[in-house]
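Below is one structure, written out as structure tokens; comments come after it.
The values are calculated or read from the model by the stated rules, or taken from the named source; none is laboratory data. Keep in mind the model is a prediction, meaning the values are calculated, not measured. Because the Cβ atoms are built from the backbone with ideal geometry, glycine has one as well, and the counts that use them run over all protein chains shown.
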Number of protein chains: 2
Amino acid sequence: MNGMKRPHPSPLDRRSGIPLYRQIQQRLLEQIQSGELRQGEPLPSIQRIAALMGVSQMTVRQAVKSLCDLGVIYSRQGKGTFISGIKMERDFRQVLSFTEEMKVRGATPHSEVLSFQIQMPNQETREALGLGDKDKVFCLRRVRYADSLPMGVETSCLPVHLCPNLMETYDPATSLYEELAEQYGIQVTVTDEVIEVGKASAEEARLLQIVPKSPIFLFTRVSYLENGMPAEHVKSSYQGDRYRVVNRLMRAKRELAISS
Amino acid sequence: MNGMKRPHPSPLDRRSGIPLYRQIQQRLLEQIQSGELRQGEPLPSIQRIAALMGVSQMTVRQAVKSLCDLGVIYSRQGKGTFISGIKMERDFRQVLSFTEEMKVRGATPHSEVLSFQIQMPNQETREALGLGDKDKVFCLRRVRYADSLPMGVETSCLPVHLCPNLMETYDPATSLYEELAEQYGIQVTVTDEVIEVGKASAEEARLLQIVPKSPIFLFTRVSYLENGMPAEHVKSSYQGDRYRVVNRLMRAKRELAISS
DNA sequence: TAGTGGTCTAGACCACGGC
DNA sequence: CCGTGGTCTAGACCACTAC
């Protein structure tokens, strides 16, 4: 099935319910990742793909555009579309819960719950979540472990009105994001994050089993739902010896004037 | 000009050379950012916008899609398209040079050049840049200042074959990225970055005017051109007191199966 | 049933690159 | 000149939501 250029690939499935452009997208991606198409080489032209697949050019463009956005190919007007050779890694950071992040890294996560209660938010949390004077929050403080090694201390606050029965239904040793998705249909889509460095306090050192004043990461995160509502405010300390942050930064396609 | 809903907006300019979908995109964005449309409110339907603007639905969809990708609006099949309320900030991290980053933050950057020479790369750099045994690199070591305060020490290596005349044409106290863009037409589009924490060495402490063993950021970056060619390997140390990292993470639209 | 967004078509014209 | 990608049209049908 692999390796040979097929002048007549198996036809697309028009009854599968999967949009044609997704099927095309998927095929192109497989050809790229399998090495059938190599870095710098051109894709067949859009016209050619359209004829080959038996779809209109617009449909092919939709597929090609999405792969351009991912960075795996790039188009040059008048020349063609080329394989970028930029790899799609799995481990660049997305909006991920600790649980998801550790699984992606191949480690086994677990948590030790230090406290879990409903309380009044402090001012920083109230402002971050846009709460009123009387709004309360769930506050969950945990030590996070990867393969039984303590990685960080994390304090997470959520508005009570977002998930009113959390105290009854949620086992705080498990993944919070899974609970939110399954019980409340809540999906975090954006997280704003500030990373700073600091020294471990006596308490942090004890919980993380490191020497006091060791360098640590300090994270401050605010997560938002699709409609822009703030859903979670997190402050956490991760130890510097065992934790690292891996980012992929893309040059913004400055298509839009951003008026201050 | 502002605040009133106009049933008949000024027509699009079909002769400007600016694509219609960009003009629509820009208008919608202005209406959102000006507060004319508020968080949670629906946009006019795509049919309505198309009729209003005198363009086809596909053109409107192209504009709407791009704003969805940015996260400022979101669409729900059968219901409509809504304002997310998620702000487009200017200061989330992109692929930015130190110079660009500081200007965005409103600070004045400058650099003290510690060394600038052609040399053999160490093994880490050779591997990061995919170089052969005989390939040499430009190596530029600088202290970076913001408003005359030392922020970090940065060592940047570039393959000689990428920009062969750099030693002659480039003033190493200025922006490297600007030089690459202007003299060689080179554009960095992707940067992979690893962030770790550490303690300032004696030399770092001296250069950064901080006490030794202060917590610092350690960055390792590899930047790529659009065609996937590695262009730069950077190791840098930024002091923890004055530097912070601000990220916006988006939940990946897992439209694509990632094999392996 | 009516309105919405999502997909798709079969063309068209343009701008650009290379020959 | 031709082939390329980029934009655009005027429809079509579908799936979904709300009433």
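How many of the residues in region B:207-241 are over 30 Å from B:Gly185 (Cα atoms) and in contact with a strand residue (DSSP E or B) (Cβ under 6 Å, 6 or more places away or on another chain)? Total satisfying the criteria: 10. Among the helices (runs of 4 or more DSSP H) confined to region B:109-199, the ones with at least 1 residues that are within 15 Å of B:Met229 (Cβ to Cβ) and out of contact with any Lys or Arg (no Cβ under 9 Å at 6 or more places or on another chain) are located at B:123-129, B:176-184.
Would you check if A:Glu89 is within 26 Å of A:Val190 (Cβ to Cβ) and not in a loop (DSSP other than H, G, I, E, B)?
On the way: within 26 Å of A:Val190 (Cβ to Cβ): yes; not in a loop (DSSP other than H, G, I, E, B): no.
No; evaluated as a whole, the condition is false for this residue.
Restricting the first member to region A:195-208 and to residues that are at pLDDT below 95, and the second to residues that are surrounded by fewer than 22 Cβ atoms within 10 Å (Cβ to Cβ), no beta-carbon pair is closer than 9 Å while six or more apart or on different chains. If you go through region A:45-82 and keep only what is away from DNA strand D (no atom under 12 Å from the Cβ) and either β-branched (Val, Ile, Thr) or more than 13 Å from chain B (Cβ to nearest Cβ) (or both), you end up with A:Met53, A:Gly54, A:Val55, A:Val72. Residues in region A:150-208 that are of a type in the set (Val, Ile, Thr) and within 14 Å of chain B (Cβ to nearest Cβ) were compared, and the one that is nearest to B:Ser75 (Cα to Cα) is A:Thr189. When A:Gly78 is tested against the conditions (1) surrounded by fewer than 15 Cβ atoms within 10 Å (Cβ to Cβ); (2) under 30 Å from B:Gly85 (Cα atoms), the lone failure is (2).
Condition first: outside any loop (DSSP other than H, G, I, E, B), closer than 25 Å to B:Asp69 by Cβ and without any contact (Cβ under 8 Å) to a residue 12 or more places away in the chain. Can you find one or more residues in region A:46-57 that meet it?
There is at least one residue in region A:46-57 that is outside any loop (DSSP other than H, G, I, E, B), closer than 25 Å to B:Asp69 by Cβ and without any contact (Cβ under 8 Å) to a residue 12 or more places away in the chain.
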